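> Have a look at this one before I ask anything.
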Amino acid sequence: MAEISRPFFLWRHLNKVRWVILSLVFALLIVIPVLHVYQTYVAAHAYDLLAPSEKRLYDVVEFATAPFINDPAEELDAVKGNTWSGYFWGLQLSDPLAVASQMAASLSLYWPFILSSLIPLVLTIIFGRFFCGWLCPATMIYELNSNLSAWLKWAGLKLPNFQFDLRIKYVVLAIGLILTSLAGSVLIATIYPPAIIGRELYFVIALDGFGVGVVIFIATLLFDLLVARRGFCRYLCPGGALYSLLGRYRLVRIRRIAESCNDCAKCNVVCEFGLDPLRDDFGQECTNCAACIAICPTDAMTFTLRLTDYPAQGPGHLGKQYQHGSGADLEAAAE
Amino acid sequence: MKRRSLLRVLTSGAALLGFSALPYGVSRLLAPPAPQPTNRAIKLSARHQDRRIFLRPPGALKNDVAFTAACIGCGLCGEVCPPRCIKFHARSGGSQVNTPYIDPAERACTLCNKCMEVCPTEALTVTKRQDIDMGIARIDQTACYPWVDKGICGACVSICPQGKAAIAYKHWNQYRPVVKDGCVGCGLCVEVCPHPSLPIWITERKSYSLPEKKKLL
């Protein structure tokens, strides 16, 4: 019998790394407005005029940043923005959806802005919908929301999980781009959760309270909880639609190793996007989030470099449906 | 049979369109196109119809339609603003939703140019300080304290970052301010004005013509 390929041993820890990255992105979106508020206090040169709560914020941030920087007004400007558009030490990065919707709104091309989305664009073409699984600040809240619904289910509360057509989000994207160009303003940003999160965190920390986006975001959370699990991302998110289209022929994919699979279907249960890893059906919706790699009890999930999904391999060789020796016709029957 | 299947396709298509447009409809309902109310602007008399409720940040495209089309609402201009004067149409604004504005009565721009340098699109373009055109200050000479002989002030003249090119006293020994052509509309004079009804305000440049200039021509 041929040697069964095993996944690289660190890949089953990628899901933990992903949670760390999601938490870091979210923490950054909170830290950046706090640092900005501190910068405005520094720029005002009027510590004695601050209110007690403002003084406390000033003291805490000064204590935390003073060992690393000399000039807060300039050096704390190194990292600014959110996942919609931001920059790291001079490197401007923008969401491809921001570029697409800005092009639709102004009906013109502005090359410096388009180039700022080049790196995310190339990464999306290689890794597919990785932004949704690895960076999106809304993903963390949505996955915690999914966990909440799992706990509610455990507690005996039956929550519905309707299935819709996954292609609805492409219509949302098209309608959003049409409305954006008709209205002449980037309306997609009002319903796109990562843009909402970055913006609203800034509004509530540095300006005078939440805007309208937080209501929309809570509505999407309720939609996810009461109508369909992870429903907004699966069926409605215009950004997810764009990345799915861009990542259709992505290079990095997850594949099942049929030789060590025992058909336990844990991968299907854990998949936030309702895909079917058990039957090798990932499609363009997969975010490469590696949750199925982490949960697999027999190490039957791995990464592969292919432009299309691995062809269907039938039932796992360790499962009940697979009969050793007389494989082909039984596999056909199982299909 | 055929008619029935066609009907089914039509109804499911309409349902699909409606379902996909739902998020936009919700967001539209939640952000109605209403003027941005501010603390002091509400109290202003209706005498001056050309008083703008808000200003755009410096370097903004003069055509507001082009500005809302170019702005992606990322909030970077606000995140680098040292006086934190740039705010956003967060709860109202219609098609202006998420675009930045400055309310000079609350906190005015100090012309530091950071927002223009950071803007990823051409919505805020890098402009020299004297070429910035956020508007032009206008003084109500029937309310301003020195103009109605209710004391001496000169706060607007002292704070102006453009100096004598933008605002000066009409006579050297009277504290009556007069706006000059070099005003860029930053609004610092509005922020410091002690008068409760704000006799100094930023208006659009095109709606204002200087009386001295008219006499010369």
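The values are calculated or read from the model by the stated rules, or taken from the named source; none is laboratory data. As the structure is a computational prediction, the values presented were derived from the model and not from experiment. Backbone-built Cβ (ideal geometry, glycine too); neighbour counts: all protein chains shown.
> Mind listing just one residue for me: the one in segment A:100-131 that is closer than 18 Å to A:S181 by Cα and in contact (Cβ under 8 Å) with a residue 24 or more places away in the chain and, of those, surrounded by the fewest Cβ atoms within 10 Å (Cβ to Cβ)? Write out each step before concluding.
We begin by selecting, within segment A:100-131, every residue closer than 18 Å to A:S181 by Cα; these are A:100-110, A:113-114.
Still in the running and in contact (Cβ under 8 Å) with a residue 24 or more places away in the chain: A:100-102, A:104-107.
Numbers: A:A100: 21, A:S101: 29, A:Q102: 31, A:A104: 21, A:A105: 28, A:S106: 27, A:L107: 9.
Out of the qualifying residues, it is A:L107.
> Return the residue satisfying two criteria in turn: it lies in segment A:68-99 and is without any contact (Cβ under 8 Å) to a residue 40 or more places away in the chain and farther than 22 Å from B:P82 by Cα, and of such residues it is surrounded by the most Cβ atoms within 10 Å (Cβ to Cβ).
Ranking the candidates gives A:S94 first.
> Within segment A:195-215, how many residues are among the charged types (D, E, K, R) and assigned to a loop (DSSP other than H, G, I, E, B)? I'd like the intermediate steps shown before the answer.
Here is the first cut: in segment A:195-215, the ones among the charged types (D, E, K, R) are A:199-200, A:208.
If we keep only those that are assigned to a loop (DSSP other than H, G, I, E, B) too, we end up with A:208.
The number of residues fulfilling the criteria is 1.
> When you go through A:S117, A:S108, A:S53 one by one, which is the residue that is polar (S, T, N, Q) and under 20 Å from the mean Cα position of the chain (by Cα)? Quick ask: steps written out before the conclusion?
Working: A:S108 fails: under 20 Å from the mean Cα position of the chain (by Cα); A:S53 fails: under 20 Å from the mean Cα position of the chain (by Cα).
Being polar (S, T, N, Q) and under 20 Å from the mean Cα position of the chain (by Cα) holds for just one of A:S117, A:S108, A:S53, which is A:S117.
> Could you pull out the residue among A:C233, A:C267 that is crowded, with 22+ Cβ neighbours inside 10 Å, part of a helix (DSSP H, G or I) and assigned by TED's automatic domain parsing to the domain that holds A:F162? Give the steps one after another, and end with the answer.
Details: A:C267 fails: assigned by TED's automatic domain parsing to the domain that holds A:F162.
Among A:C233, A:C267, only A:C233 is crowded, with 22+ Cβ neighbours inside 10 Å, part of a helix (DSSP H, G or I) and assigned by TED's automatic domain parsing to the domain that holds A:F162.
> To continue, here is another question. Conditions first: (1) farther than 19 Å from A:L187 by Cβ; (2) outside any strand (DSSP E or B). B:K87 passes all but one, so which condition is the exception?
Of everything listed in (1) farther than 19 Å from A:L187 by Cβ; (2) outside any strand (DSSP E or B), B:K87 misses just condition (2).
> Working only within segment B:72-84, note down all residues that are part of a loop (DSSP other than H, G, I, E, B) and buried (at least 21 other Cβ atoms within 10 Å of the Cβ).
Scanning segment B:72-84 gives B:I72, B:G73, B:C74, B:G75, B:C81.
> Looking only at segment A:61-84, count every residue that is closer than 20 Å to A:F26 by Cα and away from every other protein chain (no Cβ under 13 Å) and tell me the total.
3
> Still on this structure, I have one more. Looking at B:L16, B:L44, can you tell me which residue is outside any loop (DSSP other than H, G, I, E, B) and at pLDDT below 85? Even if it seems obvious, please write down each step before you answer.
Working: B:L44 fails: outside any loop (DSSP other than H, G, I, E, B).
Selected residue: B:L16, the only one of B:L16, B:L44 that is outside any loop (DSSP other than H, G, I, E, B) and at pLDDT below 85.
> Is it fair to say B:V97 is under 30 Å from A:L177 (Cα atoms), buried (at least 22 other Cβ atoms within 10 Å of the Cβ) and either within 14 Å of another protein chain (Cβ to nearest Cβ) or in contact (Cβ under 8 Å) with a residue 40 or more places away in the chain (or both)? Even if it seems obvious, please write down each step before you answer.
On the way: under 30 Å from A:L177 (Cα atoms): yes; buried (at least 22 other Cβ atoms within 10 Å of the Cβ): yes; either within 14 Å of another protein chain (Cβ to nearest Cβ) or in contact (Cβ under 8 Å) with a residue 40 or more places away in the chain (or both): yes.
Yes, satisfied.
> For segment A:166-194, give me each residue that is assigned to a helix (DSSP H, G or I), touching a Ser or Thr at 6+ places or on another chain (Cβ under 8 Å) and facing chain B (nearest Cβ under 7 Å).
A:I168, A:V171, A:V172, A:I175, A:G176, A:A183, A:A189, A:T190, A:I191
Here's the yes/no breakdown for (1) at pLDDT 90 or above; (2) closer than 27 Å to A:V34 by Cα; (3) at the interface with another protein chain (Cβ under 8 Å from one of its Cβ atoms); (4) within 19 Å of the chain's Cα centre (by Cα):
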{"site": "A:L91", "(1), (2), (3), (4)": "yes, yes, no, no"}
{"site": "A:C132", "(1), (2), (3), (4)": "yes, yes, no, yes"}
{"site": "A:A150", "(1), (2), (3), (4)": "no, no, no, no"}
{"site": "A:F162", "(1), (2), (3), (4)": "no, no, no, no"}
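> For segment B:98-217, which fully contained helices (runs of 4 or more DSSP H) count at least 1 residues that are of a type in the set (K, R)?
Values: elements: B:114-118, B:155-159, B:188-192, B:211-216.
Correct list: B:114-118, B:211-216.
> On the basis of being more than 9 Å from chain B (Cβ to nearest Cβ), among the β-branched types (V, I, T) and free of Cβ contacts under 8 Å to residues at least 60 places away in the same chain, does A:V214 make the cut?
Working: more than 9 Å from chain B (Cβ to nearest Cβ): yes; among the β-branched types (V, I, T): yes; free of Cβ contacts under 8 Å to residues at least 60 places away in the same chain: yes.
In short, yes.
> So which residues in segment A:217-227 are buried (at least 20 other Cβ atoms within 10 Å of the Cβ) and either farther than 21 Å from A:G198 by Cα or at the interface with another protein chain (Cβ under 9 Å from one of its Cβ atoms) (or both)?
Scanning segment A:217-227 gives a single hit, A:T220.
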